[in-house]
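Notes to accompany the following structure.
The values are calculated or read from the model by the stated rules, or taken from the named source; none is laboratory data. Treat the numbers as computed from the prediction; the structure is a model and nothing was measured. Here Cβ is always computed from backbone atoms with ideal geometry, including for glycine, and neighbour counts include all displayed protein chains.
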Amino acid sequence: MQKNAKENEEEKITLGYIFYGLKFGVDERLFLKLAKKKNINLVMFNIYKSFDKKKIKRKARKCILIFNNSGEEKAIKVVKYLEKIGSKVIESSRSFYRDENKWGLYLKCKKNKIPTPRTIMLKKDMVSALKGLKKFDEWPVILKRIYGCQGDFVSKAKNLNEAEVIINKFNKKAKTSWPIIAQKFIPSPSYRVTTIGGRIVQTAIKQKGSWKKTGVYTKTFKKFKITPKIKEIIRKITAASEINVCGIDLLKKDSRWYVLELNGQPCYGFFEEERKELIDKVLNFLKKEANALKKSD
């Protein structure tokens, strides 16, 4: 009996979990509950209050792998520090800067022949930015910072005057001076495909909200069927991306599909009855990755 107990203890895997909140949310409680059943010790990194390097380093030493489940800008600073001290983090800071970067994603899609809305990068000075928009000549146009969360720093302009107001508003509001892109507006619901380790695990149409089709602006969700066309687009974009647990937003015009955005830390709650199943799959993926890291050491 003592031998079996010792073997079970040796099999336990310690993973880190980064989140942002005053207390544990629905996801955190489910991650902890399901991790326990899988013999995973989950070390919680709550980055809401402070960035205590000593405390983070002490916790990180216990973890084979750390999962970032926060989309806050502060989380990226924590991830970069963890990587600096040698921790393996999913999602990596590199995936954030390369794949969640809306301009970088546009360039990656063009390179890999993945359909995406026509997009330009705006110059920093207002005169040049407005000249670029005039030449772009796509009205209405969507203006976005290259990084954003839950539809923040995303607005629609009908003309140059509105565009100037929006750009000034972005610059005044922003704590960080991220560049701004202009993107062709495609009137469409947002078709979300969630993938884990490159495999499609859920679909959800975000509809009946405002033109902003992020989850916080959407009232109802329903599933949609994965067609061969969509499957091929997802295959291409997941192969080109470094995001392991990913929310891929697609748009549809007539019969043509477009990749709009890639999101690390995707929502698990579009269909509440599937939240537990998705989190279970994420933990299975993390455990598999952790075991692979152990073998490579």
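Exactly one residue among Ile226, Ile196 is buried (at least 16 other Cβ atoms within 10 Å of the Cβ) and at pLDDT 95 or above, and that residue is Ile196. Hey, among the residues in the stretch 233-291 that are outside any strand (DSSP E or B) and of a type in the set (Ser, Thr, Tyr), which one's nearest to Thr194 (Cα to Cα)? If we take residues in the stretch 233-291 being outside any strand (DSSP E or B) and of a type in the set (Ser, Thr, Tyr), then Tyr268 is nearest to Thr194 (Cα to Cα).
Which residues, taken from the stretch 69-94, are among the β-branched types (Val, Ile, Thr) and closer than 19 Å to Leu15 by Cβ? Within the stretch 69-94, Val78, Val79, Ile85, Val89, Ile90 meet the criteria.
Checked against (1) buried (at least 17 other Cβ atoms within 10 Å of the Cβ); (2) part of a loop (DSSP other than H, G, I, E, B), Arg98 passes all but a single condition, namely (2). Among the residues of the stretch 153-204, just one is of a type in the set (Phe, Trp, Tyr), more than 17 Å from Asp249 (Cβ to Cβ) and outside any loop (DSSP other than H, G, I, E, B), namely Phe170.
Looking only at the stretch 119-144, filter to residues that are of a type in the set (Asp, Glu) and exposed (fewer than 12 other Cβ atoms within 10 Å of the Cβ); which one of those is modelled with the lowest pLDDT? By that ranking, first place goes to Asp125. Across the stretch 32-77, the number of residues qualifying as within 21 Å of the chain's Cα centre (by Cα) and acidic (Asp, Glu) comes to 2. Counting the residues of the stretch 262-291 that are farther than 17 Å from Asn41 by Cα and surrounded by fewer than 21 Cβ atoms within 10 Å (Cβ to Cβ) gives 8. Selection of the stretch 55-82 for residues being surrounded by fewer than 23 Cβ atoms within 10 Å (Cβ to Cβ) and in contact with an Asp or Glu (Cβ under 7 Å, 6 or more places away or on another chain) yields only Leu65.
Quick grid of which residues meet (1) among the hydroxyl-bearing types (Ser, Thr, Tyr); (2) in a loop (DSSP other than H, G, I, E, B); (3) touching a Gly at 6+ places or on another chain (Cβ under 8 Å); (4) free of Cβ contacts under 8 Å to residues at least 40 places away in the same chain:
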position: Leu15; (1), (2), (3), (4): no, no, no, no
position: Phe24; (1), (2), (3), (4): no, yes, no, yes
position: Leu30; (1), (2), (3), (4): no, no, no, no
position: Val43; (1), (2), (3), (4): no, no, yes, yes
position: Lys74; (1), (2), (3), (4): no, no, no, no
position: Lys77; (1), (2), (3), (4): no, no, no, yes
position: Glu83; (1), (2), (3), (4): no, no, no, yes
